[in-house]
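This report concerns only the one structure given below.
The values are calculated or read from the model by the stated rules, or taken from the named source; none is laboratory data. Since we're looking at a predicted model, the values are computed, not measured. All Cβ positions, even for glycine, are placed from backbone atoms using ideal geometry, and neighbour counts span all protein chains on display. When the accessible area is computed, the model is the full protein with side chains, heavy atoms only, and any ligands, DNA or RNA have been set aside. Shrake-Rupley method; radii C 1.70, N 1.55, O 1.52, S 1.80 Å.
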Amino acid sequence: QQQVKQSPQSLIVQKGGISIINCAYENTAFDYFPWYQQFPGKGPALLIAIRPDVSEKKEGRFTISFNKSAKQFSLHIMDSQPGDSATYFCAARSSGSARQLTFGSGTQLTVLP
Amino acid sequence: NAGVTQTPKFRILKIGQSMTLQCTQDMNHNYMYWYRQDPGMGLKLIYYSVGAGITDKGEVPNGYNVSRSTTEDFPLRLELAAPSQTSVYFCASSSGTGKETQYFGPGTRLLVL
């Protein structure tokens, strides 16, 4: 079954802290793992993505850690800021021609000032 | 360059009514997608298209229909609206080659009463 499980459902972090969101997948045919950020009333926007042949990718304060053998990946937000408060979705893309994304259920992050 | 645009932003339908959600992209993307987003459920793929004249079902296609007569437009048709179709609908597009980013529109909030 094509499923991506995401946790936690909600997360509250103090400004300057580290936010960690975890995802797990089952389908070994997934070949691309993006994270999307969504602000209220807006569509999701790509934040950062990783391919399974890489164990870590860092872009500014955002890092994806990828564990292929465990079929898990996580998003780390360093020095979290109030402006990072949003809903975060992990996703996994099937290797078929349609490039379909399967999304996790989302994590609502609140960064307190 | 407007990206992905969706109309209307918000609509209230009565049970049994029909409507079309419009989606247009100006990035010359071949791939287009329709998702629905329900609270705590992430995004579920309704239909997708890999090019003009080609459409296929996603995970939750029942009660919906699509067409793709041009590269730019990908309307979603709701026939005989039901309360279960109350949701936020997002259209997305991607080039399908190289960069894998799906670009999302701002969404249409639909309430079926």
Does a label point 7 Å from the Cα of residue A:12, set along Cα-to-beta-carbon, have any residues of the stretch A:76-106 with amide nitrogen under 16 Å, and which are they? A:82, A:85-86
The extension gain from residue B:14 to residue B:67, computed as 0.36 nm times the residue separation minus the Cα-Cα distance, is 16.7 nm
Chains B and A together, accessible area buried on both sides, 1.4 angstrom probe, square angstrom: 1600
Can you pull out the trypsin sites (Lys or Arg not before Pro) in the stretch B:22-113 that DSSP calls coil and that have at most 11 other Cβ atoms within 10 Å? B:99
Does anything in the stretch B:1-38 have its amide N under 13 Å from the 7 Å Cα→Cβ label point of residue B:52, and if so which residues? B:28-30
Compute accessible area for the stretch A:86-108 by itself and then with all protein chains, 1.4 Å probe, and report residues whose area falls by 40 Å² or more. A:98, A:99, A:100, A:101, A:103, A:105
In the stretch A:13-54, whose amide N lies under 13 Å from the spot 7 Å out along Cα-to-Cβ of residue A:78? List them in ranges. A:17-19
Can you return the lysines within cross-link range of residue A:57? Criterion is Cα-Cα under 17 Å, with same-chain partners fewer than 8 residues away left out. A:68, A:71, B:99
Placed amide H near residue A:27: partners under 5 Å, 5+ positions off or other chain: A:3
Loop-located GluC sites (Glu not before Pro) in the stretch A:11-113 whose Cβ has at most 15 other Cβ within 10 Å (DSSP): A:26
Using the heavy atoms of the protein chains alone and a 1.4 angstrom probe, what is the accessible area of the stretch A:9-89 per residue in square angstrom? 49
